[in-house]
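> Okay, here's the structure, questions in a sec.
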Amino acid sequence: MMLESREGKRVPNVTFKTRRNNDWADVNSDDIFTGRNVVVFSLPGAFTPTCSSTHVPRFNELADVLRANGIDEIVCVSVNDAFVMNEWQKDQNAANITFLPDGNGEFTDAMGMLVDKNDLGFGKRSWRYSMLVRDGVIEKMFVEPQVPGDPFEVSDADTMLEYINPQAVRPDDIVLFTKPDCPYCARAKGMLGEYGYVYEEVSIGGAGKVSVRSVRAATGRDTVPQMFVNGELVGDSDAIAAWIGAREQRKAA
């Protein structure tokens with residue numbers, strides 16, 4: 001297996017068989033790339049572990065930052081059919097990404113990235129890589145090292161953003177512990193929503209949900225809401241209000 005960078009070359013001219021509104025819709029390379037700045041990342045398969053847990057979610061999280069830095073579209077390509085790709089996008093809640101089915105592997109083959117995954121029962125699939133395409137020409141490629149398995153070291157969203165703009169400010173990772181019918185939790189969520197902070201909510205209590213013990217183990221406290229930002233505990237609704245106030249003051253300065 002010899003995978004080579006195609007930097008400086010045009011992307012392959014192929015037609016992608018997509019599904020829109022329960023009907024077939026052909027999308028060709030020109031539709032996607034001509035006159036536009038596009039980030040593409042390609043991976044071995046829909047619903048597979050690394051692809052679903054890390055590769056897609058982080059590109060989805062950084063989509064707004066990438067767009068703020070001149071990117072018109074973020075595209076995920078996989079050698080899967082349109083039905084599978086559409087269901088995977090729904091499952092991933094990845095509305096910020098365009099999922100392109102390369103069901104016959106034409107695009108991937110023309111990129112020189114079609115590899116044999118027969119040992120996994122996959123047949124021919126894409127090697128994992130990402131690239132920046134400007135007006136149909138590949139400016140930069142990040143191709144995973146040619147080692148056994150499914151390496152994931154350089155084709156991630158953060159590496160691409162670092163290439164496009166090393167000074168780009170990434171969104172904070174915010175986790176909010178809440179419970180149903182908690183007025184202080186509603187206040188915290190309202191404040192975060194009002195100022196446009198994206199957060200992940202972890203609700204305690206009820207079947208299949210985390211317990212108060214989990215909150216106590218993580219925060220040392222029994223009450224909610226409790227918020228973490230980038231791994232650091234902020235605290236309850238009053239602390240969240242103070243954190244937002246300080247952040248907004250810095251933005252206005």
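FYI, it's all coordinate maths here, none of it is from the lab. Worth saying up front: this structure is predicted, and the values here are computed from it rather than measured. No Cβ is skipped: glycine too gets one built from the backbone with ideal geometry, and neighbour counts run over all protein chains shown.
> Give me the Kirkwood hydrodynamic radius of the range 15-164 in Å, from all C-alpha pairs, to one decimal place?
15.4 Å
> Tell me, for the chain, which Cys residues have no other cysteine's C-beta sitting closer than 4.7 Å.
Cysteines lacking a close Cβ partner in the chain: Cys51, Cys76.
> If the cut-off is a Cα-Cα distance under 16 Å, which lysines reach Lys140, setting aside same-chain residues fewer than 8 apart in sequence?
Lys9
> With the Cα gyration tensor of the chain in hand, convert its eigenvalues to equivalent ellipsoid semi-axes via √(5λ) and list them largest first in whole Å. Can you show the working numbers first?
On the way: eigenvalues 297, 88, 59 Å².
Working through the eigenvalues yields semi-axes of 39, 21, 17 Å.
> Compare Ala110, Ala241, Ala217 in a GNM of the chain, Cα atoms joined below 10 Å, and give the one with the largest fluctuation.
Ranking Ala110, Ala241, Ala217 by mean-square fluctuation puts Ala217 first.
> Continuing with this model, one more query. Between rounded, prolate and oblate, where does the range 118-214 land on the alpha carbon gyration tensor, with a ≥ b ≥ c its root eigenvalues, rounded for a/c under 1.5, else prolate if a/b exceeds b/c?
Note, shape of the range 118-214 comes out oblate.
> Once you sort the root eigenvalues of the Cα gyration tensor of the range 1-104 as a ≥ b ≥ c, which label holds: rounded (a/c under 1.5), prolate (a/b larger than b/c) or oblate (the other case)?
rounded
> Quick one: Cα centre-to-centre distance for the range 25-40 and the range 185-221, in angstrom?
With the range 25-40 and the range 185-221 each reduced to a Cα centre, they are spaced 40 Å.
> May I ask you to derive the relative contact order of the range 15-164, considering only C-alpha pairs under 8 Å and at least 6 residues apart, and to give it as an integer percent? Don't jump to the answer; show the numbers that get you there.
Numbers: 269 pairs, mean separation 40.6, N = 150.
Answer for the range 15-164 is 27 percent.
> What percent do you get for the relative contact order of the chain when only Cα pairs under 8 Å and 6+ apart count? Don't jump to the answer; show the numbers that get you there.
Values: 428 pairs, mean separation 45.3, N = 253.
Normalised by residue count, the contact order of the chain is 18 percent.
> Let me ask another. Pick from Leu176, Leu43, Leu132: which is most flexible by mean-square fluctuation in a GNM of the chain where alpha carbon atoms under 10 Å apart are linked?
Of the options given, Leu176 has the highest mean-square fluctuation.
> For the range 211-253, which trypsin sites (Lys or Arg not before Pro) are both in a DSSP coil and crowded by at most 15 other Cβ atoms within 10 Å?
Here the trypsin sites (Lys or Arg not before Pro) that fit, given the DSSP loop and packing criteria, are Arg221.
> Ok, one more. Between Ser237, Ser214, Ser126, where does the largest GNM mean-square fluctuation fall for the chain, given springs only between Cα atoms within less than 10 Å?
Ser214
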